[in-house]
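Colleague: This is the structure I want to talk about, given as structure tokens.
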Amino acid sequence: MPPVKFSVNGRAVELQASPDTPLVYALRNDLGLAGTRFGCGTGACGACTVLVDGNALQSCDTPLWAVEGRNVMTVEAWETDRILAIVRQAFIEEQAAQCGYCADGIMMSLAGLLSRNSAPTEPELTAVLDRHLCRCAAHMRILRAARRACNALQVAA
């Protein structure tokens with residue numbers, strides 16, 4: 001079986017794994033990127049969200065073959081990605097993560113949106129957040145963090 005080749009957080013990787021392996025397992029088990037969480041396994045909760053070529057995608061139901069030759073970004077990229085760093089800082093300042101299990105996936109979806117549109121409307125923000133399940137009921141803090149990240153991007157522009 002030939003290796004699956006793609007980029008993760010700007011680094012080229014080759015994995016000797018079944019092309020049908022869910023991306024979340026490859027990221028966590030093979031590459032040690034534990035920020036991408038396994039939640040429901042059906043793409044419904046958003047805990048496993050990563051960016052693939054800049055678009056939010058649930059990695060639990062994305063097979064490795066689907067990212068061949070593509071760019072994957074995980075939450076660990078906050079150290080090098082300016083927008084993700086701003087989103088992360090907004091989450092910290094708003095104390096948006098109660099248990100934190102869903103937070104990394106939510107931050108990835110927000111970073112994807114903000115990289116395309118630094119001034120989203122309220123309906124655009126809530127639509128991105130709607131795709132995520134937070135059982136801690138930190139929704140209002142998450143929404144405040146999203147707004148704070150938008151404001152920080154406007155100031156930085």
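A short reminder: the numbers here are calculations on the coordinates, not readings from a lab. Predicted model only: the values in this text are computed from it and were never measured. Neighbour counts are summed over all protein chains in view; Cβ atoms, including those assigned to glycine, are modelled from backbone coordinates with ideal geometry.
Colleague: Let's test this: bin the Cα-Cα distances of the chain at 10 Å from zero up to the farthest pair and state each bin's percent.
Modeller: Percent of pairs per bin, in order: 12, 43, 32, 12, 1.
Colleague: Take every Cα pair under 8 Å in the chain that's 6+ residues apart, average their separations, divide by the length, and report that relative contact order as a whole percent. Could the numbers behind the result be given before it?
Modeller: Values: 278 pairs, mean separation 36.4, N = 157.
The value is 23 percent.
Colleague: Okay, next question. Can you work out ³J(HN,Hα) from phi for every residue in the range 46-54, in order, using Karplus 6.51 cos²θ - 1.76 cosθ + 1.60 and θ = phi - 60°, giving whole Hz and x for Gly and Pro?
Modeller: x, 4, 9, 5, 10, 9, 10, 6, x
Colleague: Report the per residue volume, in Å³, of the convex hull enclosing the C-alpha atoms of the range 77-156.
Modeller: Roughly 80 Å³ of hull volume per residue.
Colleague: When the Cα centres of the range 43-76 and the range 113-157 are compared, how far apart do they sit, in Å?
Modeller: Comparing the Cα centres of the range 43-76 and the range 113-157, I get a distance of 19 Å.
Colleague: Shifting gears a bit: Please report, to two decimal places, log10 I(q)/I(0) for the range 4-74 at q = 0.13, 0.21, 0.23 Å⁻¹ as given by the Debye formula with identical point scatterers on the Cα atoms and no solvent.
Modeller: One equal scatterer on each Cα of the range 4-74 leads to -0.28, -0.78, -0.96.
Colleague: Net charge near Val128: determine it from the other residues with C-beta under 13 Å of the C-beta of Val128, scoring Lys and Arg +1 and Asp and Glu -1.
Modeller: Details: positive: Arg116, Arg131, Arg147; negative: Glu122, Glu124, Asp130.
So the environment of Val128 carries a net charge of 0.
Colleague: What percent of all Cα-Cα pairs in the range 81-127 falls in each 10 Å bin, counting up from 0?
Modeller: 26, 58, 16
Colleague: Taking θ = phi - 60°, what integer Hz values does the Karplus form 6.51 cos²θ - 1.76 cosθ + 1.60 yield along the range 10-23, in sequence order, with x for Gly and Pro?
Modeller: Result, ordered by residue: x, 10, 5, 10, 10, 10, 8, 8, 4, x, 8, 4, x, 3 Hz.
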